[in-house]
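Scroll down for the structure; my scribbles are underneath it.
The values are calculated or read from the model by the stated rules, or taken from the named source; none is laboratory data. What you are looking at is a predicted structure, and each value in this text was computed from that prediction instead of being measured. Cβ placement follows ideal geometry from the backbone for every residue including glycine, while neighbour counts extend to all protein chains displayed. Remember, those area values only see protein heavy atoms, side chains included, never the ligands or the DNA or RNA. Shrake-Rupley method; radii C 1.70, N 1.55, O 1.52, S 1.80 Å.
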Amino acid sequence: MNNPRQPTDWTAAAVARRTRRRYAAERRFRLAGLAAVWLSAAFLAWLLASMVWQGTSGFRQTRITLPIDLAAAPLPVTPAQLRGRGADLALAGAGLDALVDRAAVRTLGPGGDALISDGAWLVVRDAIKRDPALLHRRFTIAVPAASAIDVAAKHDGTPAAEAMVATLDARGLLGIGWSGGFLTAADSTDSTRVGIWGALKGSLLTMAVTLALAFPIGVLAALYLEEYAPRNRWTDLIEVSINNLAAVPSIIFGLLGLAVFLGTFHLPRSAPLVGGLTLALMTMPVIVITGRNAIKAVPPSIRDAALAVGASPVQVVFDHVLPLALPGILTGTIIGMARALGETAPLLMIGMRAFIASPPGRLTDPATVLPVQIFLWSDDIDRGFIEKTSAAIIVLLVVLLAMNGIAIYLRNRFETRW
């Protein structure tokens, strides 16, 4: 036989004990939430600090000062040949690279040509193109050091390389400065010559194609499903399909892009056009879902008032509902685009992991994107690419933060309170 329920003790002491226990549980819950926030913030700060610590050296470059005497060993090039498109070919054919190697051996001793970057002569070439008077005189110029010397100068090299760095520093031939070429150059096999601009431009072109396709189609689909579509089993099937597509792994969209855009339509491989089409398929369900939620959040009284003053259903949607839902739609779109910017798997499937030595000029040119470039550099055996990988991650984070900042601005700019 069950015992009858014990009556609640309503004495002052019992009520005080229950109140203390309730307040203690509330304090524990608050402290647990605060600890979770601080722990998350600590991990985020540690991640950002480690990326900045390792990546800032990727924006700097070690240079060795060399004397170049073109008066004693003139090049068979005239100042007239330095004007126009044939200047690079004329200087390359004149043996400028061999002359720079000989200057390195004279200045640094035997093996000096191995202490400078393979692209050191390109720096000399550009200096001569800027000032043709250098063809007939002696001058000194700072050229990029080899990868091993560059890494050692930043205190992460082998003992032999660090000893050579100490010798060069003692002779006053070594310097470390800002590397503007990292933000303006494309990929290279030499870590001292690589740049992020090629991958960044590929990402921008790919995102432009993605936004141009996914945003209007996604918004119009959300408007139709929320405002015009009849409620039947077909629209229910479409809604379920869109929700399922938003949860499909991104690599499936890469396989779809490989089969449809490359296999069926034979579009150019590794092109921003194909990458944008693939990412648009992946981003569109997210835009449709966020768009429908934003449209659904508009009060029905707005629609009723517009209809009451004589507005047509189309005017109600595009003049009243859509402007009020625009902040939520834009915020969801920017977040979806930020997710697409960080995707790697679908772009690997359509071939955007090729070695691209020059930035793309058109949507159909071969290109790569920032996440894929980071992946390729992280897999390189050259230690100089480690810092370049961290520097590229910093660039990617800056772009992502900028996109999220735009989302916050647009939400605050177009937000309407009622």
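Restricting attention to segment 130-141, does a residue exist that is assigned to a helix (DSSP H, G or I), in contact with a helix residue (DSSP H, G or I) (Cβ under 9 Å, 6 or more places away or on another chain), buried (at least 17 other Cβ atoms within 10 Å of the Cβ) and not hydroxyl-bearing (Ser, Thr, Tyr)? The answer is yes; a qualifying residue exists.
Could you tell me whether segment 85-96 includes any residue that is over 22 Å from Ser179 (Cα atoms) and touching a residue at least 60 places away in the same chain (Cβ under 8 Å)? Scanning segment 85-96, I find no residue that is over 22 Å from Ser179 (Cα atoms) and touching a residue at least 60 places away in the same chain (Cβ under 8 Å), so the answer is no. If you check Thr235, Thr192 for being closer than 30 Å to Ala146 by Cβ and modelled with pLDDT under 90, only one passes: Thr192. Of the residues making up segment 53-64, those that are open to solvent by 50 Å² or more (accessible area, probe 1.4 Å) and either under 19 Å from Val194 (Cβ atoms) or modelled with pLDDT of 85 or more (or both) number 4.
Per-residue answers, yes or no, for (1) under 21 Å from Pro366 (Cβ atoms); (2) assigned to a loop (DSSP other than H, G, I, E, B); (3) not hydroxyl-bearing (Ser, Thr, Tyr):
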| residue | (1), (2), (3) |
| --- | --- |
| Ile149 | no, no, yes |
| Ala161 | no, no, yes |
| Thr192 | no, yes, no |
| Thr206 | yes, no, no |
| Ala212 | yes, no, yes |
| Pro216 | no, no, yes |
| Leu225 | no, no, yes |
| Trp234 | no, no, yes |
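If the condition is being surrounded by fewer than 20 Cβ atoms within 10 Å (Cβ to Cβ) and touching a Ser or Thr at 6+ places or on another chain (Cβ under 6 Å), then segment 352-374 contributes Ala354, Pro366.
For segment 147-200, taking the residues that are of a type in the set (Asp, Glu) and closer than 14 Å to Arg63 by Cβ, the one that is farthest from the chain's Cα centre (by Cα) is identified as Asp169. Considering (1) under 19 Å from Pro371 (Cα atoms); (2) in contact with an Asp or Glu (Cβ under 7 Å, 6 or more places away or on another chain), the lone condition that Asp190 does not fulfil carries the number (1). Of a type outside the set (S, T, N, Q), touching a Leu at 6+ places or on another chain (Cβ under 6 Å) and either in the same structural domain as Ser117 (by TED's automatic domain parsing) or within 22 Å of Leu262 (Cβ to Cβ) (or both): does that describe Met349? Answer is yes for this residue.
Taking residues in segment 45-63 that are closer than 30 Å to Ala114 by Cα, and partners anywhere that are of a type in the set (D, E, K, R), the pairs with Cβ atoms closer than 7 Å and at least 6 places apart or on different chains are Gln54/Glu387; Gly55/Glu387; Ser57/Lys154; Ser57/Glu387; Gly58/Glu387; Gly58/Lys388; Gln61/Asp150; Thr62/Asp150.
Going through (1) in a helix (DSSP H, G or I); (2) buried (at least 16 other Cβ atoms within 10 Å of the Cβ) one by one, Gln315 falls short only on (2). The set of residues in segment 17-52 being of a type in the set (Lys, Arg) and open to solvent by 90 Å² or more (accessible area, probe 1.4 Å) consists of Arg17, Arg20, Arg21, Arg22, Arg27, Arg28, Arg30.
The residues of segment 375-393 that are surrounded by 16 or more Cβ atoms within 10 Å (Cβ to Cβ) and acidic (Asp, Glu), listed by number, are Asp382, Glu387.
Restricting attention to segment 296-313, the residues that are within 20 Å of Leu220 (Cβ to Cβ) and under 39 Å from the mean Cα position of the chain (by Cα) add up to 3.
Check whether at least one residue in segment 335-358 is among the basic types (Lys, Arg) and either assigned to a helix (DSSP H, G or I) or under 25 Å from Lys154 (Cβ atoms) (or both), and report yes or no. Yes: segment 335-358 contains one or more residues that are among the basic types (Lys, Arg) and either assigned to a helix (DSSP H, G or I) or under 25 Å from Lys154 (Cβ atoms) (or both). The number of residues in segment 103-129 being in contact with a helix residue (DSSP H, G or I) (Cβ under 8 Å, 6 or more places away or on another chain) and under 24 Å from Leu174 (Cβ atoms) comes to 16.
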